1. From the list LEU403, LEU369, which one is in the same structural domain as VAL251 (by TED's automatic domain parsing), in a helix (DSSP H, G or I) and crowded, with 23+ Cβ neighbours inside 10 Å?
2. Every residue in region 240-253 that is in contact with a Leu (Cβ under 6 Å, 6 or more places away or on another chain) and free of Cβ contacts under 8 Å to residues at least 40 places away in the same chain, please.
3. Quick one: which residue in GLY179, GLY191 is over 25 Å from ILE33 (Cβ atoms) and in a helix (DSSP H, G or I)?
4. One residue is enough: does region 204-222 have a residue meeting the conditions buried (at least 24 other Cβ atoms within 10 Å of the Cβ) and under 25 Å from ASN284 (Cα atoms)?
5. Quick one: in region 112-125, which of the residues that are in contact with a helix residue (DSSP H, G or I) (Cβ under 7 Å, 6 or more places away or on another chain) and surrounded by fewer than 21 Cβ atoms within 10 Å (Cβ to Cβ) is nearest to SER202 (Cα to Cα)?
6. In this structure, does PRO146 turn out to be assigned to a helix (DSSP H, G or I), out of contact with any Leu (no Cβ under 9 Å at 6 or more places or on another chain), in the same structural domain as ASN47 (by TED's automatic domain parsing) and touching a residue at least 24 places away in the same chain (Cβ under 8 Å)?
7. Would you tally the residues in region 328-356 being of a type in the set (Gly, Ala, Ser) and in contact with a Gly (Cβ under 7 Å, 6 or more places away or on another chain)?
8. Which residue, of LEU297, LEU282, LEU235, LEU250, is surrounded by fewer than 24 Cβ atoms within 10 Å (Cβ to Cβ), hydrophobic (A, V, I, L, M, F, W, C), within 28 Å of SER30 (Cβ to Cβ) and in the same structural domain as ALA350 (by TED's automatic domain parsing)?
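The values are calculated or read from the model by the stated rules, or taken from the named source; none is laboratory data. Quantities reported herein were computed from a predicted structural model and do not represent experimental measurements. We place every Cβ from the backbone using ideal geometry, glycine too, and count neighbours over all the protein chains shown.
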Amino acid sequence: MSPGPGAASAPDQPADPAAPRLSATSTFSSLRIRNYRIHFVGSTVSNIGTWMQRIAQDWLVHTLTGSATAVGATVALQFLPMLLFGLYGGVLADRLDKRKLLLCTQSAMGLIGLTLAALTFTGQVHVYHVYALAFALGLATVADNPARQTFVSELVGPALLPNAVSLNSASFQSARIIGPAVAGVLITAVGSGWAFLYNGLSFLAPVIGLLLMRTGELIPTERAPRGKGQLREGLAHVRARPELLWPIVLVGFVGTFGFNFPIWLVAFTDRVFHSGAGTYGLLNTLMAVGSLTGALLAAKRGSRRMRFTAACAGAFGLLLVGAAGAPVFWLFAALMVPLGLVGMTFMISANTSLQMASGPAMRGRVMSLYMMVFLGSTPIGAPLLGWVTDHHGPRIGLLTGGLLCAGATVGVALILARIGGLRLKIDLRPGHRHLAFVPRATGRVAPAPGQRANA
């Protein structure tokens, strides 16, 4: 892929000298770049279909089986390939032309949606069909996710990367507002098949967008050459850098135990509030409103500091605990908005900090590890928390997830404080900060620069 006019000699520098100034001008700075606009529009259309299929798929499995465990198993199968093969997707993203790779993965995902639609329309769909297609979708996602995450840097360059990452999340969450609402209406009125059909056809938008891009305006990044040991090299790179390792660890805990809303919201809708698909879609929409707000706030003024990321994870866990104890529907529904906001802010902060801290030739492997622990942890957490929800009730299932997220945040914060040469100070006097991290006693050997986390 040839560099565009005015490209800098460094492999991951912006082609346009004005780009660093644009990054600070507005929430929507990245949309000034034609290729990114095309990408943004195509992704938004496809994301609406993705959310429609998620809602329809969860409700279809629940209708076929009546089991929260079966819903959890479907979610687990969709993300199991990421757990098993996720790092290989990162190697492909580092090694291949990302635009051509995305053309293949997006086309495959569209065909999967159309297949599920055909089975549903003909009345031949069984739960094992949904399981198989969810697993196939997961296989396509293995290569699609790291390629899509890292392709953004080729569209906008490093100066606008934080803004573009946030806008991508805003696109996804905007679709999350529209998709569940439309899916709820379609499921109630005409059945799940129409949601699956729209999803399959919606992948035409990103495919056509990729074909319309001006390849000469893409900002080339360094590609990893073919060679042995590239998986081990990526893992060693992350292990040696606390600013990469510990955000990924925290994302793994939150992904495993906190992002299991398909299980919890279905169970709360059916077993606690005794309602139907419309209420399930409403709860997803309210969460999406909060997530979209968080994404837009991050696009304007996001933070990449590790302490901010950890604080968001802790707040997310506490909000889950609060939702588990909500005594009435309106309070439970209202908590979906801050849950979405804090959860999305956490994910954007972790995503952006990892991309900015990774070298261009390593970025695909770092982001594939990030996606592997976030999405790939679902096969572990979803069946486990689905079992807890089935046997002990939705409130205990949600409470368990919230307490585990909050506990993991405390553990990671203490480890990072130790690496950074800090200790936890507790001061109960009035007018003083009751909890604070302060430097350890003088005379202690300070950690080497490479061992200090980005606090």
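1. On the way: LEU403 fails: crowded, with 23+ Cβ neighbours inside 10 Å.
Within the list LEU403, LEU369, the selection yields LEU369.
2. Across region 240-253, there are no qualifying residues.
3. Numbers: GLY191 fails: in a helix (DSSP H, G or I).
Checking each option against the conditions leaves just GLY179.
4. Yes: one or more hits.
5. LEU114
6. Working: assigned to a helix (DSSP H, G or I): yes; out of contact with any Leu (no Cβ under 9 Å at 6 or more places or on another chain): no; in the same structural domain as ASN47 (by TED's automatic domain parsing): yes; touching a residue at least 24 places away in the same chain (Cβ under 8 Å): yes.
No: the conditions fail for PRO146.
7. 2
8. Values: LEU282 fails: within 28 Å of SER30 (Cβ to Cβ); LEU235 fails: within 28 Å of SER30 (Cβ to Cβ); LEU250 fails: surrounded by fewer than 24 Cβ atoms within 10 Å (Cβ to Cβ).
Answer to the selection: LEU297.
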